[in-house]
Amino acid sequence: MDFLMVLGIIDSKQVDIFIYIVENTNQSNNTFMGTYKKIAADVGCSEPTIAKIMRKLRDNNFIKKMQKSTHFLKCLGSSLSRSAQGFSSSKMA
């Protein structure tokens, strides 16, 4: 959770988007593929909210846009992935 606070991700929907990105990242090459429209439908949030968190993630060098709808997660390690999954589980409890 401290990592999310450093990034300025404290809004509930932004956390949901972050978790969605981590959980849907290809672990073999650290790429996330997804349009704002698909993320919005799956997470239940607006496209401007997605744009805001994606900008925060890019500004903090967490992700790099490779091409339209494809991002490389620079900092995704197995411990971060497990942390996000644990946070996701605790939110549902």
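The values are calculated or read from the model by the stated rules, or taken from the named source; none is laboratory data. Since we're looking at a predicted model, the values are computed, not measured. Cβ placement follows ideal geometry from the backbone for every residue including glycine, while neighbour counts extend to all protein chains displayed. Remember, those area values only see protein heavy atoms, side chains included, never the ligands or the DNA or RNA. Shrake-Rupley method; radii C 1.70, N 1.55, O 1.52, S 1.80 Å.
Each residue of the range 47-53 was assigned a 3J(HN,Hα) from its phi angle through the Karplus curve 6.51 cos²θ - 1.76 cosθ + 1.60 (θ = phi - 60°); the sequence is 5, x, 5, 5, 4, 5, 6 Hz, with glycine and proline shown as x.
Rounded to the nearest whole Hz, the Karplus-based 3J(HN,Hα) values (6.51 cos²θ - 1.76 cosθ + 1.60, θ = phi - 60°) of the range 16-22 follow the sequence 4, 5, 4, 4, 4, 4, 4, with x at glycine and proline. Which of rounded, prolate, oblate describes the range 24-68, given a ≥ b ≥ c as roots of the alpha-carbon gyration tensor eigenvalues and a/c under 1.5 marking rounded, otherwise prolate only if a/b is larger than b/c? The shape class here is oblate.
Using the Cβ-Cβ distance between Ser12 and Arg58 with R0 = 22 Å, the FRET efficiency computed as 1/(1 + (r/R0)^6) comes to roughly 0.55.
When all protein chains stay in place and ligands, DNA and RNA are ignored, the 1.4 Å accessible-area order of Asp59, Asp42, Asp16, largest first, is Asp59, Asp42, Asp16.
Database remark: amide H of Ile63 closer than 5 angstrom to the amide H of Arg58, Lys74 (H placed geometrically; neighbours at sequence offset of 5 or more, or on other chains; Pro and chain starts carry no H).
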